[in-house]
Amino acid sequence: MLDETARFLAFSFAAADVLAEVDRHGKITFVAGAVRGILGQSDKNLIGQPLGELFTKSDSGMLALQLADLGMGKRIGPTLLHLEHPPINASAEAAMVQMHACRLPHRPDHVACTIGRVPAMMAAAHMKRRRDNSTGMLSVDDFADVAGGHVASARQGDNPLTLTTVDLPGLEQLTADLPESMVKTLMDKIGTTLRAASMDGDSAGRLGPGRFGVVHEAGKAPEAITNSLNAIARDMNAPGLKAAVQSMSLASTGLQPEDAIRAVRYSINRLANEDEGPMMGGLAESFDKMVQDTLSRIAEFSDRINKDEFRLVYQPIVNLADRSLHHFEALVRFNGDGSPFETIQFAEETGIIGTMDLAVIDRVIVILKGLSGSSTSIAANLSGRSLASDLFVRCLMDRLKAAAPLGKRLLVEVTESAAIKDLTRANNILQDIRKLGFTVCLDDIGAGAAGFDYVHALQADAGKIDGRYIKKLVENKRDSAMVIAMANLFRRLDMFTIAEMVETEEQAAMLQSMKIECGQGWLFGKPLESPSYEAPKLKVVAEAAAHVKTITKAAPIMKQIYGERR
């Protein structure tokens, strides 16, 4: 018997670093293994201590719900947990552990647990996830990524998974009416409950003001989630808050792993934008249709790129001082379509934009080589989402190294910078591009999340101010102040500035008075089928210069901003 006990202990330690047992009160009755190295305390100190006190408040509450729901002969895990008091000098990754637990018939009042280190790559990925501040649950984008990953891995195992959406109609209005302290308590409880229901304690996300998503094992009844949330509503004296859930199997998608991640991620983002409430035909039918539509669009987009069924048009970017050409921006147009915005947005959101980015780079390089002897420069757009792929980066750098003789004639314009999760890695890539002699520009600064954090983290040669600040530049003092601030920041960082959507001489004159170097917009030329630009005659340039001298009269807002300065 002793040999058998030793054998099972060996098996346990082969899979974990610490073994522990807790009683029905949640207190530790036994612990063994690398206790101090993993948990930062001695085994003697842990005996009699509540297991939950080892972990942060949020994780402790979530774990308590999981253990309370653990049936006879059932197991949970791995559940990711954050230590409240990690070992001294432990790294951020070491402050996380993963736990498995099971309840066996011969000791029904006790739960056996194994606790181990989280692999470094898993811990790093977990730490980068973005979260909803009020619930601690994943953001829409990160939940979509996690769900897609679960679908891909579920195909390789025998443990089917379920996606459940939870709607809480009236939650937004309720949180607006309740005192702040009660709102915090309510949202904490909702987040803790849904995280506890998820398969690893971190596969739940907030999809909207009153909509949430949970990926869990198929054996967990969605009604249990409903009952838990309705109990919270009763406890908070909010009987009108009734949970409505819909579920579907994620094992039925029949996708290859890469397609699963793309299609499920995009479809969950669509779910987040659907009106809250029951879906026509139920979640399974609606979600399956979304996935199939997504796969069809992915195949169609890839086919168009592979067959070169797109063209480039070229919009001039000029030096504001004399209206001479600085460079062109290459813009994609799809044959037979109008605006490419929706198609490109779809490619970015599904993660297939890299195929197009490489195709555009290839074509721009061919154009520039065909203009040998010319000083013409062209910028090719590069999505921040593409930089997340190691394969894409290798393909990109191979192309750029071969095109290094083009030097400053090829510019790389980084779009969708808000999609970049690992800014340090992305910046290293951009510096490698700059070392090859190419100019790097950050696009749409000031749009969405493309703000000062990105300018700080991503070292570049130029910054583009989003056109929405330029449209009302002359009339709006706040927009003018923002443009001045961004231009001054770029200047101090040794970057030159490009203003987008310049459409009037008044705008151009004001931008020049702000010492902004370049402008882009219909005032200087619409996108054309070939990279050609005719600089205005001297008389036109002189008239534009006159605008700069009289701008304070033509635009009172400038007088408000600059009038007190000497």
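Of note:
- For segment 121-252, the alpha carbon convex hull comes to 98 Å³ per residue, rounded to a whole number.
- Once the Cβ-Cβ distance of R434 and N319 is raised to the sixth power relative to R0 = 30 Å, the FRET efficiency obtained is 0.90.
- Relative contact order %, segment 186-250, counting alpha carbon pairs below 8 Å whose residues are six or more apart: 27 percent
- Pairwise FRET efficiency - Q459 versus I484, Cβ, R0 = 22 Å, nearest 0.05: 0.50
- Kirkwood-type radius of segment 72-176, with distances r between different C-alpha atoms, in Å: 16.8 Å
- Where I298, I88 fall by accessible area, highest first, once all protein chains stay in place (1.4 Å): I88, I298
- Per residue solvent-accessible surface (Å²) - the chain, probe of 1.4 Å: 48 Å²
- Degrees between helix 282-306 axis and first principal axis of the chain (Cα, 0 to 90, nearest 10): 40 degrees
- Normalised radius of gyration (Cα atoms, divided by 2.2 N^0.38 Å) for the chain: 1.17.
- The chain, dipole about Cα centre (Lys/Arg Cβ +1, Asp/Glu Cβ -1), debye to the nearest 20: 1460 debye
- Label zone at K408 (point 7 Å along Cα-to-Cβ), backbone N below 14 Å, segment 307-321: 319
- For the listed residue pairs K369/K401; K401/K421; K128/K464; K464/K515, the alpha carbons are over 18 angstrom apart in K401/K421; K128/K464.
- For K57, the aspartates and glutamates whose Cα comes closer than 13 Å to its Cα, not counting residues fewer than 8 places off in the same chain, are E84, D188.
- Span from the segment 418-471 Cα centroid across to the segment 184-250 one, whole angstrom: 38 Å
- In the structure shown, the pairs K307/K471; K27/K189; K472/K526 are assessed against 27 Å; a Cα-Cα span above that value is assigned to K307/K471.
- Of the GluC sites (Glu not before Pro) found in segment 298-378, those that fall in a DSSP loop while having at most 15 other beta-carbon atoms within 10 Å are E309.
- Accessible area of S249 in the full protein assembly, 1.4 Å probe (Å², nearest 10): 50 Å²
- Relative intensity of segment 466-541 on a log10 scale, I(q)/I(0) at q = 0.16 Å⁻¹, equals -0.61, per a Debye sum over C-alpha point scatterers of equal strength in the absence of solvent.
- The Cα center of segment 314-347 and the Cα center of segment 16-81 differ in position by 57 Å.
- Spin-label pair D23/F334, simplified geometry with 7 Å Cα→Cβ offset, distance in nm: 6.6 nm
- Taking a straight line from the alpha carbon of K289, these lysines sit under 25 Å away, with near neighbours fewer than eight places off in the same chain left out: K220.
- Principal axis dimensions, segment 279-389 - Cα atoms, whole angstrom, descending: 61, 31, 30
- Contact order, relative form, for the chain: 9 percent (alpha carbon pairs under 8 Å, 6 or more residues apart, mean separation divided by residue count).
- Normalised by the number of residues in segment 81-189, the average gap of Cα pairs under 8 Å and 6 or more apart makes the relative contact order 16 percent.
- Taking the protein heavy atoms of the chain in the context of the full set of protein chains, the accessible area attributed to carbon and sulfur is 53 percent at 1.4 Å.
- For segment 185-234: rounded, prolate or oblate by the Cα gyration tensor [a/c cutoff 1.5]: oblate
- R333 accessible area, 1.4 Å probe, all protein chains in place, Å² to nearest 10: 60 Å²
- Stretchable slack from D293 to R36, in nm (0.36 nm times residue separation minus alpha-carbon distance): 87.3 nm
- Fully extended contour minus Cα-Cα distance, from K515 to A218, at 0.36 nm per residue: 100.8 nm
- Cβ-based charge dipole, the chain, positive-most Cα from I361, P105, I261: I361
- Estimated D of segment 371-461 in µm² per second, where Rh is the Kirkwood radius over Cα pairs and Stokes-Einstein applies at 25 °C, 0.890 mPa s: 183 µm²/s
The values are calculated or read from the model by the stated rules, or taken from the named source; none is laboratory data. Since we're looking at a predicted model, the values are computed, not measured. No Cβ is skipped: glycine too gets one built from the backbone with ideal geometry, and neighbour counts run over all protein chains shown. With ligands, DNA and RNA removed, areas are computed over all heavy atoms of the protein, side chains included. Shrake-Rupley method; radii C 1.70, N 1.55, O 1.52, S 1.80 Å.
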